[in-house]
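Take a look at the structure set out below.
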Amino acid sequence: MTFTRIRRSALPLAAGALVLLAACGSDGDSASDASATTEAASTTAATSPTTDGPAVPPPTFAPEDEAFCTAAQRIAAGDAQLQKQLAAAVTQSIQSGDIDPFAQLLADLRSSGIIDGIGEAFGDLEASAAADQQADIRAFGDFTTATFAELESINSIEDLRAWADGLADDPDTVAVQDSAHAVTDLVQARCGISLTS
């Protein structure tokens, strides 16, 4: 399974934050794949906030879009931060053969409020969306929250590789793709914010 295949077939936010994990289960050199992903993720996150939790610049949206777009902005900022930090931790874990750097980062992301902050931002996004858009946002947010919970239960490099190998074909991943793409398109059209990377 290649990095490119995961990027195309997985999900905007979940893939944006987690696609780099697929490098550890790819067909090529895992450490070099992860290192390349680290460089790309660092570039993506270079202009993103680096404080704990998704940061929110002053809103610059039309009044009717402010609540929705501010929530989307928090999701995008949290995602960029997660990419950078997860890339470094995955690379370190793969190169050392020790899951501890990855596990410790997830614990830190949970205790610092970044993971919960993204979940809360999805809740705010849903609350400020039109009624016919809320189900897709809820599905995407629930999937993202559940994915982080799954990752927190991983205890070895072997488990991480198995998780990455199964990502594209996972039934929950497949089921939520339409909702994820609908939300991504909506956020892009309404706010000019990309939830993909």
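The values are calculated or read from the model by the stated rules, or taken from the named source; none is laboratory data. Keep in mind it's a predicted model, so treat the numbers as computed, not measured. Here the Cβ positions follow ideal geometry from the backbone for every residue, glycine too, while neighbour counts run over all protein chains shown.
Here's a check for you: in the range 137-174, which residue that is without any contact (Cβ under 8 Å) to a residue 12 or more places away in the chain and among the aliphatic types (A, V, I, L, M) is farthest from Ala107 (Cα to Cα)?
Top of the filtered list is Val174.
Got a sec? Which helices (runs of 4 or more DSSP H) wholly within the range 56-138 have at least 1 residues that are in contact with an Asp or Glu (Cβ under 7 Å, 6 or more places away or on another chain) and under 18 Å from Ile193 (Cα atoms)?
Qualifying helices (runs of 4 or more DSSP H): 66-96.
(1) of a type in the set (A, V, I, L, M, F, W, C); (2) over 30 Å from Thr60 (Cβ atoms); (3) at pLDDT 90 or above: which one isn't true of Ala175, the others all being true?
(3)
Restricting to the range 39-64, count the residues that are modelled with pLDDT of 80 or more and surrounded by 16 or more Cβ atoms within 10 Å (Cβ to Cβ).
1
For the range 161-197, how many residues meet the condition of being part of a helix (DSSP H, G or I) and closer than 25 Å to Ile99 by Cα?
8
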